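J.: A single structure is presented below for examination.
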Amino acid sequence: MCGGCAETNPLPVDFADATRAYRAADYPRVRDGWTRRGKLITDAGTVLEASATFKTSDFRQAYVEYYGDAYGLSESDRQTLRQSQLEAASRTFEFHVCAESTNFKWNDLEKKTSPWRVTLVDGTGVEISPDSIETPKLPELYESQFFPMRTAFSRTYVLRFSRAPRDTEGPPFAGTASGRLILRFASPAGRVDLVWQGQ
């Protein structure tokens with residue numbers, strides 16, 4: 001029984017919002033560096049297997065170059081895309097998630113009746129809930145090239161957590177400034193923690 005297995009010792013990441021000089025060829029390496037995988041296995045089978053790519057400003061800069069080359073964008077169009085991507089990164093913690101289960105009924109993160117509680121946990125232990133969980137209908141060819149962790153048995157989700165301060169009685173959510181983020185999927189059967197540890 002694996003009560004929430006995850007990748008062991010993933011490489012640390014740089015949470016700094018620095019400007020990078022990426023080329024399209026850098027995208028697979030950068031994407032993989034921001035992707036984490038984990039699974040929850042019980043006697044009933046795979047309760048949840050999830051892969052999540054954290055769409056940081058670093059990731060998005062590489063994405064712009066890869067997308068720009070794939071679709072032949074002009075420099076002007078790349079700059080427009082770059083600006084919109086960086087603005088999105090400044091507003092939210094966003095994750096592209098591919099998830100699958102032995103029983104497809106267990107794979108329902110977006111439903112209000114879902115048994116899953118999805119949260120983002122900072123390095124101090126403070127948790128926040130997502131502002132939205134979407135199930136985008138992306139072209140298969142697009143997703144196979146940009147997010148190849150997708151399989152014929154998985155569902156795709158986009159999870160967004162607001163970076164705006166929240167009115168809470170407890171300590172504030174420190175986000176990447178805490179040096180660690182955990183994307184947590186918890187259920188009565190167990191949980192899956194996907195961890196991004198700062199350098």
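The values are calculated or read from the model by the stated rules, or taken from the named source; none is laboratory data. If you're wondering where the values come from, they're calculated on a predicted model, not measured in any experiment. Don't worry about glycine lacking a Cβ; one is built from the backbone with ideal geometry, like all the others, and counts go over all protein chains shown.
J.: State whether one or more residues within segment 160-171 are part of a strand (DSSP E or B), at pLDDT 95 or above and of a type outside the set (D, E, K, R). Spell out the reasoning first.
T.: From segment 160-171, those part of a strand (DSSP E or B) are 160-162; that's our starting set.
Keeping just the survivors that are at pLDDT 95 or above gives 160-162.
Pick out the ones that are also of a type outside the set (D, E, K, R) and you get 161-162.
Yes: one or more hits.
J.: Would you mention how many residues in segment 57-103 are touching a residue at least 12 places away in the same chain (Cβ under 8 Å), farther than 14 Å from ALA21 by Cα and of a type outside the set (Gly, Ala, Ser)?
T.: Count: 16.
J.: Given the criteria surrounded by 17 or more Cβ atoms within 10 Å (Cβ to Cβ), closer than 19 Å to THR135 by Cα and under 17 Å from the mean Cα position of the chain (by Cα), does THR176 qualify? Walk me through it before giving the result.
T.: Working: surrounded by 17 or more Cβ atoms within 10 Å (Cβ to Cβ): yes; closer than 19 Å to THR135 by Cα: no; under 17 Å from the mean Cα position of the chain (by Cα): yes.
So THR176 does not fit the description; no.
J.: May I ask you to list the residues in segment 35-59 that are acidic (Asp, Glu), closer than 22 Å to TRP106 by Cβ and buried (at least 18 other Cβ atoms within 10 Å of the Cβ)?
T.: Passing the criteria: only GLU49.
J.: Inspect all residues belonging to segment 125-136 and state whether any of them is out of contact with any Phe, Trp or Tyr (no Cβ under 7 Å at 6 or more places or on another chain), at pLDDT 95 or above and hydrophobic (A, V, I, L, M, F, W, C).
T.: No, the conditions are met nowhere in segment 125-136.
J.: Okay, next question. Quick check on VAL158: is it touching a strand residue (DSSP E or B) at 6+ places or on another chain (Cβ under 7 Å), aliphatic (A, V, I, L, M) and under 23 Å from ALA186 (Cβ atoms)?
T.: So VAL158 fits the description; yes.
J.: For the subset of segment 60-94 comprising residues that are closer than 21 Å to THR135 by Cα and among the hydrophobic types (A, V, I, L, M, F, W, C), which member is surrounded by the most Cβ atoms within 10 Å (Cβ to Cβ)?
T.: Residue satisfying both the conditions and the ranking: PHE93.
J.: Let me ask something else. Given the structure, is THR102 closer than 30 Å to GLY190 by Cβ, among the β-branched types (Val, Ile, Thr) and part of a loop (DSSP other than H, G, I, E, B)?
T.: Here the answer is yes, as THR102 does meet what is asked.
J.: Looking only at segment 36-73, which residues are in a strand (DSSP E or B), basic (Lys, Arg), out of contact with any Pro (no Cβ under 8 Å at 6 or more places or on another chain) and within 22 Å of ASP122 (Cβ to Cβ)?
T.: Selection gives ARG37 alone.
J.: Select from segment 110-141 the residues that are without any contact (Cβ under 8 Å) to a residue 60 or more places away in the chain, under 14 Å from the mean Cα position of the chain (by Cα) and not in a loop (DSSP other than H, G, I, E, B) and write down the one among them that is farthest from ALA152 (Cα to Cα).
T.: So the residue we want is SER132.
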